[in-house]
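For reference, the structure is listed below as structure tokens.
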Amino acid sequence: MVTTTEWEQAVLALLRGAATPETVQGMDLATARREFFARRVAPVEGTARGPVRGRVEIVTDRRGVPHIFAGQAWDLFVAFGFAVGRERLWQLDYRRRFASGTLAEVLGRSALRGDVEARTLDFRGIAAREWERQTGEVREALEAYAAGVNLAREQCLAQRTLPVEFALLDYEPPLWHPIDSLAIARVSVWQFSGRIEGIVLAEAALRCLPPHLAKMFLAVEADEQAIVTEPLRWPAASGNDGETAGAEPATPESVPGSNQFTAGPSRTRAGKPVLASDGHIPYTQPSSLFEIHLCSAGCDVIGIAGPGLPVIQNGRNRRVAWGSTNNVSSGRDLYVETVDPAQPDQYQDGDSWRSFETRMERIAVHGEADHQLVLRSTVRGPVVNHLIPSVNPAGDPPLSLRWVGFEPEDTIGVALDLIRAGSADEARAVHRRHLLATNNPGFADVDGHFGYQMRGRFPLRGRMTRGFRRAGEPGDEWRGFVPFDDLPAERDPQRGWTGSANNRPAPDGYAAPFYGAYADGYRMRRIRTLLDSAAELDPDALGAMQNDTFSGRAADVCPSLVARLTLRSGQLNTTGQQALAVLRTWDYCFDVDRTGASVFQAFWLEWTRRVAAARFPAHLARSAAGGCSHVAHRIITDGDGPAGGEPWFPHGRAQAEIVSAFVAGVSWLRERLGPDAAQWAWGALHPVTFRHALASRFPACTELNAGPFPCPGTTGVLNQNGFSAGERYEVTSGPHFRFVADLAVANQALGTHTTGNSGHPGSPHYADQCADWLAGRYHPMHMDRADITAHAEGSFVLEPA
């Protein structure tokens, strides 16, 4: 239990909504709240003794970014954990619990589903096996980081300054262990490579649709855009089921994102590469990233780290900069298991029968009895039917999951090696040792070299399918992995740039048969258009690209849509006519003042729902709508004629459905934004609120969230801000940190955070970057001691105990 004073208990009752006094012990409420939160902010000045071997200085700058100066690696990573622990201690515990499946213990039933998933996939068990294999500097870095987190925890307990979340929930955090970091890292691998709902939708398409319509559904828009363009021949695999390689449909909640692009020396003003990277994931508050500078013997790196992980994700040292996007080439499969009708605890494995491996998990649930979870596994992996929707409304047979992330391969060592890379070639060589799910690193160096290298383990199968596989079917077994040297890569390409945006990594005919849940090609097309047409680029130009809101989909679809609606304009009321006029003059950008963006998006959501409902069973139609964009696009631009078979909509209904979807979208806008289409600005419809995990639980604690703010961007644009449609299009995901590094300038990078670097609501750095992030402004990420001192807010020293 968290020990608090009588005054703090009174403020907590106010924040919990349990009391509404006029004052708190003579202090007005606003002052009491400010004082309560301020007492928990970590001091930037001071001294502490701890598990370091020499003196360590942590200089905090005016944006709350710690710059750590240590004499050796152990001390550097102790201070790393200490700096993160002081600012993000509750977030660390939250992430640990999320990964370990113990979040319901403090949050109750609302967190139970996540705990069930974590226990089923056994993230912590895999992390424990990985920890047993770790040696050398990786093990030391994890132990030092844990020691630093625990020092921060110890200080908070001793000074009674635990973050407010512990007080609200009335519990204290356990000690940090290296396995906690590895479990969080394993969740990250799953977050970017799992997405097994896409397999379910692909299977549903193969069952519910004629082959020509299934092929159309399984394609993505602008599929001509590949990361690398040189085709290499790969012998056709036997047993191919006739499907073409391509993308699994994305659900609205899991639309992939992230951009990474580098302008080479021939494209830049200074004659050195400029690298830009912005990863897109669900937004949280505090931010999911922590900006930090690490400096010791043999290490001088600045960038961003996930709380709990002793690594720099996007960043730079004095010679090399790097960034990455997710590569969703399929590293997982769902297998249909055959059960013995006479012995339902047995499944078929080849010519024999095996017993399901069974384990019991007991999940503590706050305020309730423990939840008992019985899990079954096969030789391929856990049975996961309870985590996904079924294709058959009556239920599917047992589906086991095989995933590259189940192997306890190293999640930390590659990133530790990368921060010391001295050249683009060394950076590429580091990625050879990455043996987990695939992604798309880009890198550049001060000598003018730059490149791209797909990395990770992509399984080879005998049969290419995006739906379920059959356990025991030889063509569905994994037959090893694509060799590293056959993965797509580029070094100093002649066109003068590299880029990736979660699109397909290679064209048809490349040296390996890649397929997966790729994003549409619109962001990659925009990257190609902007970089091919430009010279004399600088960091400002690449930053402007990261904030670009031009929609390739709208540019492709709108002319045909306007033409179709014009032919049926007699069916539109006055407001509908105004909305059509807005579309005619729209520039296809999703800036906050654009009304055309609101009209198009309202239509598009209604239209894709109708497309999905026309063909998919009711229990899957909502999810399928997010994967219907290619079909929806094709019907508008090319028609829904019978070429290749029956149309998507029966009885020639497509045109009527298009008009009805537009009318419904306009009606939806009118109800929410009023009758004047000129007032339907995108920013009024598309707000972002950076939501704290406890904000809905404690609505009286208004300090936890940041926002709402009008937000530019949408899905499918470089400034990709995904949303959930309700009364508004509430933004839920996007670029949580934008990073730009000019290799002509060795002593800094540029960045901007969604909110701020601190996890304390009472800190001035809790949300001090929101305005800059929304406006597309960047701050310098200083590396030179003189610049750091000039912008310092305070200095904290760690001394040996």
>> Within segment 70-123, take every residue that is more than 22 Å from the chain's Cα centre (by Cα) and over 30 Å from Gly762 (Cα atoms) and give me the one that is surrounded by the fewest Cβ atoms within 10 Å (Cβ to Cβ).
In response: Gly71
> Could you say whether any residue in segment 764-777 is touching a helix residue (DSSP H, G or I) at 6+ places or on another chain (Cβ under 7 Å) and of a type in the set (Gly, Ala, Ser)?
Replying inline: yes
>> Anything in segment 29-57 that is of a type in the set (Asp, Glu) and part of a helix (DSSP H, G or I)? List them, or say none.
In response: Glu35
> Of the residues that make up segment 578-600, is at least one closer than 25 Å to Val200 by Cα, crowded, with 18+ Cβ neighbours inside 10 Å and either of a type in the set (S, T, N, Q) or modelled with pLDDT of 95 or more (or both)?
Replying inline: no
> For segment 47-60, which residues satisfy the criterion of being open to solvent by less than 20 Å² (accessible area, probe 1.4 Å) and either among the hydroxyl-bearing types (Ser, Thr, Tyr) or within 14 Å of Arg785 (Cα to Cα) (or both)?
Replying inline: Ile58, Val59, Thr60
> Which one is nearest to Ala204 (Cα to Cα), of the residues in segment 628-655 that are open to solvent by 50 Å² or more (accessible area, probe 1.4 Å) and small (Gly, Ala, Ser)?
Replying inline: Gly644
> Name the pairs: first residue in segment 766-784 and assigned to a helix (DSSP H, G or I), second residue open to solvent by 40 Å² or more (accessible area, probe 1.4 Å) and modelled with pLDDT of 95 or more, Cβ to Cβ under 6 Å, at least 6 apart or on different chains?
Replying inline: Leu774/Phe709
>> For a quick check of your reading of the model, give me the residue pairs whose first member lies in segment 518-544 and is within 28 Å of Met781 (Cα to Cα), whose second is open to solvent by less than 20 Å² (accessible area, probe 1.4 Å) and in a helix (DSSP H, G or I), with beta-carbon atoms closer than 7 Å and at least 6 apart or on different chains.
In response: Arg526/Gly552; Leu530/Met545
>> Which residue is surrounded by the most Cβ atoms within 10 Å (Cβ to Cβ), if the candidates are limited to segment 336-388 and must be part of a loop (DSSP other than H, G, I, E, B) and among the aliphatic types (A, V, I, L, M)?
In response: Val384
>> I'm checking my understanding of the structure. Among residues of segment 258-284 that are part of a helix (DSSP H, G or I) and out of contact with any Leu (no Cβ under 6 Å at 6 or more places or on another chain), which one is surrounded by the most Cβ atoms within 10 Å (Cβ to Cβ)?
In response: Pro265
>> Out of everything in segment 697-730 that is β-branched (Val, Ile, Thr) and open to solvent by 10 Å² or more (accessible area, probe 1.4 Å), what residue ends up being nearest to Asp548 (Cα to Cα)?
In response: Thr715
>> Criterion first (open to solvent by 10 Å² or more (accessible area, probe 1.4 Å) and more than 20 Å from Cys711 (Cα to Cα)) does Asp538 satisfy it?
In response: yes
>> I'd like to check something: does segment 551-570 contain any residue that is in a loop (DSSP other than H, G, I, E, B), buried (at least 19 other Cβ atoms within 10 Å of the Cβ) and of a type outside the set (Lys, Arg)?
In response: yes
> In the set Arg160, Arg133, which member is of a type in the set (Lys, Arg) and farther than 29 Å from Val414 by Cα?
Replying inline: Arg160
>> Scan segment 615-624 and tell me whether some residue there is under 24 Å from the mean Cα position of the chain (by Cα), surrounded by 21 or more Cβ atoms within 10 Å (Cβ to Cβ) and under 19 Å from Val731 (Cα atoms).
In response: yes
>> I'm trying to understand the selection: among the residues of segment 678-698, which are of a type in the set (A, V, I, L, M) and under 30 Å from Leu580 (Cβ atoms)?
In response: Ala678, Ala681, Ala684, Leu685, Val688
>> Going through Gly759, Gly751 one at a time, which residue ends up being touching a His at 6+ places or on another chain (Cβ under 9 Å) and either part of a strand (DSSP E or B) or open to solvent by less than 10 Å² (accessible area, probe 1.4 Å) (or both)?
In response: Gly751
> Do we find a residue being at pLDDT below 95, touching a Gly at 6+ places or on another chain (Cβ under 6 Å) and assigned to a helix (DSSP H, G or I) anywhere in segment 149-158?
Replying inline: no
> Of all residues in segment 490-519, how many are aliphatic (A, V, I, L, M), modelled with pLDDT of 90 or more and in contact with a helix residue (DSSP H, G or I) (Cβ under 7 Å, 6 or more places away or on another chain)?
Replying inline: 1
> Limited to segment 484-506, what total is found for residues that are under 19 Å from Arg457 (Cα atoms), open to solvent by 20 Å² or more (accessible area, probe 1.4 Å) and more than 18 Å from the chain's Cα centre (by Cα)?
Replying inline: 5
>> Looking at segment 148-201 only, could you name the residues that are polar (S, T, N, Q) and open to solvent by 10 Å² or more (accessible area, probe 1.4 Å)?
In response: Asn150, Gln155, Gln159, Thr161, Ser188, Gln191, Ser193
>> Could you check segment 663-696 and list, in sequence order, the residues that are crowded, with 17+ Cβ neighbours inside 10 Å and basic (Lys, Arg)?
In response: Arg670, Arg691
> What number of residues within segment 696-714 are modelled with pLDDT under 95 and not aromatic (Phe, Trp, Tyr)?
Replying inline: 7
> What are the pairs, 6+ residues apart or on separate chains, where a residue within segment 58-79 that is at pLDDT 95 or above and part of a loop (DSSP other than H, G, I, E, B) has its Cβ under 6 Å from a residue that is surrounded by fewer than 24 Cβ atoms within 10 Å (Cβ to Cβ) and among the aromatic types (Phe, Trp, Tyr)?
Replying inline: none
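The values are calculated or read from the model by the stated rules, or taken from the named source; none is laboratory data. None of these values were measured; they are calculated from a predicted model. Don't worry about glycine lacking a Cβ; one is built from the backbone with ideal geometry, like all the others, and counts go over all protein chains shown. Surface accessibility is based on the protein's heavy atoms, side chains included, excluding ligands, DNA and RNA. Shrake-Rupley method; radii C 1.70, N 1.55, O 1.52, S 1.80 Å.
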